[in-house]
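The values are calculated or read from the model by the stated rules, or taken from the named source; none is laboratory data. Remember, predicted model here, so these are calculated numbers, not experimental data. Positions of Cβ are backbone-derived with ideal geometry, glycine not excepted, and every protein chain shown enters the neighbour counts. The area values use the complete protein model at the heavy-atom level, side chains included, leaving out ligands, DNA and RNA. Shrake-Rupley method; radii C 1.70, N 1.55, O 1.52, S 1.80 Å.
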Amino acid sequence: MLMRFSGEISYRNEEERETERASLVPPPDLVVGYALTSKKVKSFLQPKLEGLARKKGILFVAIDQNRPLSDQGPFDILLHKLTGKEWRQILEDYWEKHPEVTVLDPPGAIQHVHNRQSMLQDVADLNLADCYGKVSVPKQLVIIKDPSSIPDAVSKAGLTLPLVAKPLVVDGSAKSHELSLAYDQYSLSKLEPPLVLQEFVNHGGVLFKVYIVGEVIKVVRRFSLPDVDERELTNNAGVFRFPRVSCAAASADDADLDPGIAELPPRPLLERLARELRRRLVKCLLLLLFGTSAITYISLSFFHLIIYRALDCST
């Protein structure tokens, strides 16, 4: 209730004031429900982003994990970054009842790029090369169990040291993002399967994360593992662990880098890569937000883009 005094509006309480304000705000064109970890909310939902979204008619609404998902909304888009079988089942049940809602991204599609063995297969199948450069994946080996078998398996596969070791499955945990660098054959049996081993390629300590959303391509630089020279390879032994490499905090976009290292891959090469991945991942998996982690090395102005990881970009 409100009363007028001298041409002004007086509100009986703050609740009525907020109700009146809300009635003056036009309804959003798009409602995005989000289910994110507290860490991801802090890094992703910045005030600047929410303000820009509101100007575009987009409203972000937090999903209450203590209430049934079907009782919340309505949503136009559901953006999520939670893991676990229970959440996956909740999401699949919700999508079955609300097929009109765009889920970013479907749990089944995400599983494909959470496995480091399958995530690179789509890139390997492209066999992409043109006048701007070449796209490939590193030579790799998957070890499911029995660490004592790793040295022999590496020899048979013809992999060259040093090797990067990564957990086979990316499940969102800190441990799944840990990397190890193995310098010698004898230390390989100290690794913990299931894992994937990839040949390490010197790349100036910088990698590129390529994010693809529809027709939009965004490339950022991140600090990576340092180069390894022959002297280090000879004098070092054992396994060196790195808790998390190339995360957002390791941004190299504003760093003073050697131009040869900082140079972005050719745009036409990235556009072709994005187009081919989009055709495969969207058509086959309904995966809408995705990208890659890549390194480059240049020989006679010819870019060689090596894809080390395919990304679900709700990550």
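Observations on the structure shown:
- All positions within segment 33-46 that are of a type outside the set (A, V, I, L, M, F, W, C) and at pLDDT 90 or above: Gly33, Tyr34
- Cβ separations smaller than 7 Å between residues 6+ apart or across chains give the following pairs from segment 149-160 residues that are surrounded by 13 or more Cβ atoms within 10 Å (Cβ to Cβ) to residues that are of a type in the set (Asp, Glu): Leu159/Glu199.
- Members of segment 38-47 found to be open to solvent by less than 60 Å² (accessible area, probe 1.4 Å) and in a loop (DSSP other than H, G, I, E, B), listed by number: Leu45
- Of note, Val169 satisfies the criterion of being surrounded by fewer than 19 Cβ atoms within 10 Å (Cβ to Cβ) and closer than 24 Å to Gly84 by Cβ.
- Any hit, segment 173-185, residues being in contact (Cβ under 8 Å) with a residue 12 or more places away in the chain, open to solvent by 70 Å² or more (accessible area, probe 1.4 Å), closer than 26 Å to Thr37 by Cα and under 25 Å from the mean Cα position of the chain (by Cα): yes
- Residue satisfying all of: in segment 65-76; out of contact with any helix residue (DSSP H, G or I) (no Cβ under 7 Å at 6 or more places or on another chain) and of a type in the set (S, T, N, Q); least open to solvent (accessible area, probe 1.4 Å) among these: Gln72
- Among the candidates Ala109, Ala124, Ala62, Ala129, residue that is small (Gly, Ala, Ser) and crowded, with 17+ Cβ neighbours inside 10 Å: Ala109
- Glu199 surrounded by fewer than 16 Cβ atoms within 10 Å (Cβ to Cβ) and under 19 Å from Pro167 (Cα atoms): no
- Evaluating Ile90 against the criteria (1) open to solvent by 30 Å² or more (accessible area, probe 1.4 Å); (2) part of a helix (DSSP H, G or I); (3) under 26 Å from Gly214 (Cβ atoms); (4) free of Cβ contacts under 8 Å to residues at least 40 places away in the same chain leaves one unmet condition, (3).
- Filtered by the rule that a residue be assigned to a helix (DSSP H, G or I) and modelled with pLDDT of 80 or more, segment 243-276 gives Ala262, Arg267, Pro268, Leu269, Leu270, Glu271, Arg272, Leu273, Ala274, Arg275, Glu276.
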